[in-house]
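> Here's a structure for you.
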Amino acid sequence: MSGKPMKILVVGGGPAGLFFSIIAKRALPTATVHLREQNPQGVTYGWGVAFTESAADTLRPAAPDVIDALTTNTRHDRMVISLDGVDVPVQVGRSHLNARWSLLAILEKFALAAGVHITHDCDTVVTEDNMADWDLVIGADGVHSRTRERFANHFQPSVELGDNWLAWYGTPKPYPPSIILRNSEYGVLMVHASRFSAEMSNFTVEVGQETFDRLGFAGMSEDESRERCEQLFANSLDGAPLRSDHSPWFQTKFVSCARWTHQNLVLIGDALHTVHPSIGSGTRFAMRDAVYLTQALVGAEWDVEVGLKEFERVRKPVADAFQAAAKRSIAWYEGLPSRTITHPTKFALEYLMRTGRVSYRDFRRENREVVLGYERDLR
Ligand SMILES: Cc1cc2nc3c(=O)[nH]c(=O)nc-3n(C[C@H](O)[C@H](O)[C@H](O)COP(=O)(O)OP(=O)(O)OC[C@H]3O[C@@H](n4cnc5c(N)ncnc54)[C@H](O)[C@@H]3O)c2cc1C
């Protein structure tokens, strides 16, 4: 590292960009770290995001105070898997939930305290010319990253569109973490719901293409779709409304990049690679990139070229394994519309084992009564 203070530009104030800014500035207090976010302060997309306890434990050593602040809100140890109105409650690892806007506000508070300069309302375009003004440029601009697309020839991204359609709503009904599946005359309807604050729960509706077409969602406004979903899930919602916060239908993008860096530019978080909402780990995945990147730079004594190479070398195999688990989850969800599922416990078992990270033995140990009931049914 030269004698001059290092200048770092971070594009995007999501979990990846903010967490990187905090831990990098703490690791190298002489650096100037500028983070630019296109949205005004307090404006973001989505509702609540979950962190498992194990995700929090892996992130905690990098910034214990930050992770403690993110794990004091809503927590759950059980979830409910529901098939056509029959609920199977199961014991799962603990998870912590925060409204996405409060998660970002917490991260931003720590970033400012660390001395990071944050500019909102600042749509930032990275070019080869302006990259030269910085020692290090971090593209943390999310799944639709324009930084990735601008240098697509170099990063060689692969972006696969999911088959299913999702709409991310909120509702005041307090749901435990739930997977709700309904076999309807239109096909299979799925919901991921979970309380993330004293007032609100997530309510993400997921349907296959045929169901999407049969229900005519493509021709509906956001409000019409929301009202239709309220009707379709009226039995579960018990009269509670669905709320939208820019909640259009979307197909998930599964992103990976052949190359992770270009000169002094590196991508992290969803800009670089995604998982899938169904495994609820995108935030942790993005923040882990920030940890690996900072560790690699510290190890390289802030030699950017060496540090970026090391980041890719160490992080890639771990990230690839996690993406492979996400792919198994996506395949399971996308396979649901073409299947007939009739046994609630079998559905619960399949759901929990879908990524290959939970075995039948693990599930049986944690949920003895549920499994014994299922095994009796099979006899
Ligand atoms: C329906 C749904 C449910 C989810 N549930 C969960 C969950 O329960 N748990 C979980 O861990 N994850 C969940 N996720 C995933 C999670 O939201 C993302 O993986 C995570 O936010 C990625 O963080 P990031 O910082 O990489 O990107 P983002 O959070 O998308 O942040 C990128 C930021 O960059 C800004 N930006 C973009 N372009 C520019 C530009 N040109 N200039 C300046 N700023 C720019 C954007 O405004 C944004 O603030 C869910 C996602 C969806 C869609």
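Every number in this text was worked out from the coordinates using simple rules, so none of it is lab data. Everything quoted here is computed from the prediction, not taken from an experiment. Glycine gets a Cβ as well: all are built from the backbone with ideal geometry, and neighbour counts include every protein chain shown.
> Checking the cross-link filter: which lysines have an alpha carbon closer than 26 Å to that of LYS109, excluding same-chain neighbours under 8 positions apart?
LYS7, LYS25
> Let me ask you something else. Could you give each residue of segment 143-155 its phi-based ³J(HN,Hα) in whole Hz, using Karplus coefficients 6.51, -1.76, 1.60 with θ = phi - 60°, and x for Gly or Pro?
4, 8, 2, 7, 5, 4, 5, 4, 10, 4, 4, 8, 6
> To the nearest 0.05, what FRET efficiency results for THR72 and GLU366 with a Förster distance of 22 Å applied to their C-beta separation?
Here the calculated transfer efficiency is 0.30.
> May I ask you to evaluate 6.51 cos²θ - 1.76 cosθ + 1.60, the Karplus curve with θ = phi - 60°, for each residue of segment 322-337 and list the ³J(HN,Hα) values in order in whole Hz, giving x for glycine and proline?
Once θ is set to phi - 60°, the couplings for segment 322-337 become 5, 5, 5, 5, 4, 4, 5, 5, 4, 4, 5, 4, 6, x, 4, x Hz.
> Set the Förster radius R0 to 35 Å, insert the Cβ-Cβ distance between GLU128 and ASP320 as r into 1/(1 + (r/R0)^6), and round the FRET efficiency to 0.05.
Using R0 = 35 Å, I get an efficiency of 0.75.
> Just add up the charged neighbours of ALA113: K/R +1, D/E -1, any other residue whose Cβ is under 15 Å from the Cβ of ALA113.
0
> By how many nm would the segment from HIS154 to SER102 lengthen if fully extended, with 0.36 nm per residue of separation less the alpha-carbon distance?
Additional length available on full extension: 15.2 nm.
> Same structure again: Please give the peptides 358-365, 340-347, 171-178 ranked by average Cβ packing (other Cβ atoms within 10 Å per residue), highest first, as a rough proxy for protection.
Descending packing order for the listed peptides: 171-178, 340-347, 358-365.
> Could you work out how much longer the chain between ARG94 and GLN251 gets when fully extended? Use 0.36 nm per residue separation minus the Cα distance between them, nm to one decimal.
So the extension gain works out to 53.7 nm.
> Place a point 7 Å from the Cα of ALA258 along the Cα-to-Cβ direction; which residues of segment 139-158 have their backbone N under 17 Å from it?
The answer is 148-158.
> Of the listed peptides 257-263, 140-146, what is their order by residue-averaged count of other C-beta atoms within 10 Å, with the highest listed first?
140-146, 257-263
> Skipping prolines and chain starts, which residues have an amide H placed within reach, meaning under 5 Å, of the one on MET6, given they are 5 or more residues away or on another chain?
For MET6, the qualifying residues are ALA31, THR32.
> Could you give me the ³J(HN,Hα) list for segment 102-118, computed from phi with Karplus coefficients 6.51, -1.76, 1.60 and θ = phi - 60°, whole Hz, x at Gly and Pro?
Ordered by residue, 3J(HN,Hα) equals 6, 4, 5, 5, 5, 4, 5, 4, 5, 5, 4, 4, 6, x, 6, 8, 10 Hz.
> Restricting attention to the alpha-carbon atoms of segment 246-379, what are Rg (one decimal) and Dmax (integer), both in Å?
Just the Cα atoms of segment 246-379 yield Rg and Dmax of 19.6, 64 Å.
> Then there is this: Under a crude label model (7 Å from the Cα following the beta-carbon direction), how far is THR340 from ASN235 in nanometres?
So the label points at THR340 and ASN235 sit 1.8 nm apart.
> Round to a whole angstrom and tell me the spacing of the C-alpha centers of segment 120-185 and segment 323-358.
Between the Cα centre of segment 120-185 and that of segment 323-358, the gap is 24 Å.
> For GLU305 and ALA218 in the same chain, what is the full-extension length gain: residue separation times 0.36 nm, less their Cα-Cα distance, in nm?
Gain on extension, GLU305 to ALA218, equals 26.6 nm.
> Please give the net charge around LEU70, taking every other residue with its beta carbon less than 15 angstrom from that of LEU70, where Lys and Arg add +1 and Asp and Glu add -1.
Result for the local shell: +2.
> Could you tell me the center-to-center distance, by alpha carbons, between segment 282-300 and segment 46-105 in angstrom?
Here the answer is 20 Å between Cα centres.
> What relative contact order, as a whole-number percentage, does the chain give when Cα pairs under 8 Å and 6 or more residues apart are counted?
20 percent
> Taking R0 as 22 Å, what's the FRET efficiency between VAL298 and THR119 from their Cβ-Cβ distance, rounded to 0.05?
0.30
> Report, to one decimal in Å, the Kirkwood hydrodynamic radius for the chain based on all distinct Cα pairs.
21.8 Å
> Taking neighbour counts of Cβ atoms within 10 Å as a proxy for exposure, in what order, fewest first, do LEU59, LEU189, LEU161 appear?
Arranged by neighbour count, lowest to highest, LEU59, LEU189, LEU161 become LEU161, LEU189, LEU59.
> Please compute the net charge surrounding ARG228, taking Lys and Arg as +1 and Asp and Glu as -1 over other residues with Cβ under 12 Å from its Cβ.
With Lys, Arg at +1 and Asp, Glu at -1, the neighbours total -3.
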